[in-house]
Structure formats: C-alpha cells, structure tokens
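Below is one structure, written out as structure tokens; comments come after it.
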Amino acid sequence: MANATKHALAGALLELLNTTTLDNITVKDIVERAQVSRQTFYYHFGDVYQLLDWAFQRAIRELGEMPEENWRDRLLMAVEFLRANRALAMNVYHSLGMEHLARGLEAAVRDLLGAAPKDAMKWLPADPEDQEFLLSFFSYGVMGIIIRWLDDGMPEKLDHMINEIYALMHHGEDTPLLPEPGYSGGMKEDGREKL
C-alpha cells in the first residue's frame, strides 16, 4: 500500500510537470491530483523535491531493469521518453538548479554504466582505481552531453553523440582504454614525451 501511494504521488507530480514548472507546484496540487491527504504526503516525503528525487531514482532503477543488452540502448530509451514528454523534461530542467540536475544525471549515468556486466565491458582495466577513473570520465561526458542537449532544446543529434561515446568506449572490446601498469605509452623514463 505504501509503495502504491508513493507511485500515485509521483504520477501526480509528473502529470503536473507537463504543464507547470516544479517551483510552481505545491504539495496541495499534488495531493489533490493523487487524491490523498497532506498527512499522507508528509508521511512519505519531506517536500516536493524529495518526491521528485524518489521518482527520478525509481525511473533509473526501472531503466536498469529493462531487457536491453547495453547501457546505450537503455539511455536511448530514456532519451525517447524525454522527447515524448518534452514539456515535462523542460519544466524539470528549468526548475532545478544546475548543481542538483548535474548530480542527479551523473548518478543516473554512472548507475547505467556501472550496471553493465563486466564481461561486456572488457575494455575496463583490471585496476579498480582505473575503472573508477574511466567510469567517472564517461559518466561526466555523457552527463555533459545530456545537459547541453537540454540546454539546446533537445535537438535530434543526441542519439548520434551517444552512439559515438558508446563506440569510443567499446573501441576494441578486448583492448583496455588505459594501458597496463609499466607501459610507458610514448614517454621517456623521466616522464617527458618521446618525440
């Protein structure tokens, strides 16, 4: 029952976001649409932003559970959802501060990349620190492209960019993106680049 109530509240919020920016939506608006009491809302959530965060995290979990084989296909499905719900996406984008949006997107993209089976990401180096570096690098890259895409009004070119990043990440499935320890990579022993 509690989960159904949370879903009803999230659904009401998403419906409202199709016509209104987040900063103009009140708890009263949400509970009236969801047909629950204010007390019920505050039993589950501290404020509207907490509800939005819960709805966002739920969507990310659902995205990760989709049967698609790789993170690119899941991300492209999310992009299609945003395109189909353009008013909602733009209202959320214009309502949230860039820091909050960036933090949420980075976590979501990291979850998508990190959830990929390790045998499907043979390009990841064995060293956990190197893995963390690459996951951070690509997470921030994808996040930056998504923010730019939203900022530009959601043009069609995002699919191409996601496919390019995917191709870069999987450039040679059996070839790690970072060299193995001890590889000089064109550097002299003193750390200067070889000419």
Q: Look at GLY141 and say whether it is modelled with pLDDT of 80 or more and assigned to a helix (DSSP H, G or I).
A: yes
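For segment 144-163, give me each residue that is part of a helix (DSSP H, G or I) and not β-branched (Val, Ile, Thr).
GLY144, ARG148, TRP149, LEU150, ASP151, LEU158, ASP159, HIS160, MET161, ASN163
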Q: Determine the pairs where a residue that is without any contact (Cβ under 8 Å) to a residue 24 or more places away in the chain, located within segment 154-165, has a partner that is among the aromatic types (Phe, Trp, Tyr) and part of a helix (DSSP H, G or I) with Cβ atoms under 9 Å apart, the partner being 6 or more residues away or on another chain.
A: PRO155/TRP149; LYS157/TRP149; MET161/TRP149
Q: Please name all residue pairs, on different chains or six or more residues apart, with Cβ atoms under 9 Å, provided the first residue is in segment 70-98 and is under 14 Å from ASN163 (Cβ atoms) and the second residue is hydroxyl-bearing (Ser, Thr, Tyr).
A: ASN70/TYR166; TRP71/TYR166; ARG72/TYR166; LEU75/TYR166
**Q.** Residues (within 23 Å of the chain's Cα centre (by Cα) and closer than 17 Å to TRP54 by Cβ) located in segment 9-36
**A.** LEU9, ALA10, GLY11, ALA12, LEU13, LEU14, GLU15, LEU16, LEU17, LEU22
Q: Check GLU99, GLU65 and return the single one that is over 9 Å from the mean Cα position of the chain (by Cα) and modelled with pLDDT under 70.
A: GLU99
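The values are calculated or read from the model by the stated rules, or taken from the named source; none is laboratory data. Small disclaimer: the values here were computed from a predicted structure and weren't measured. No Cβ is skipped: glycine too gets one built from the backbone with ideal geometry, and neighbour counts run over all protein chains shown.
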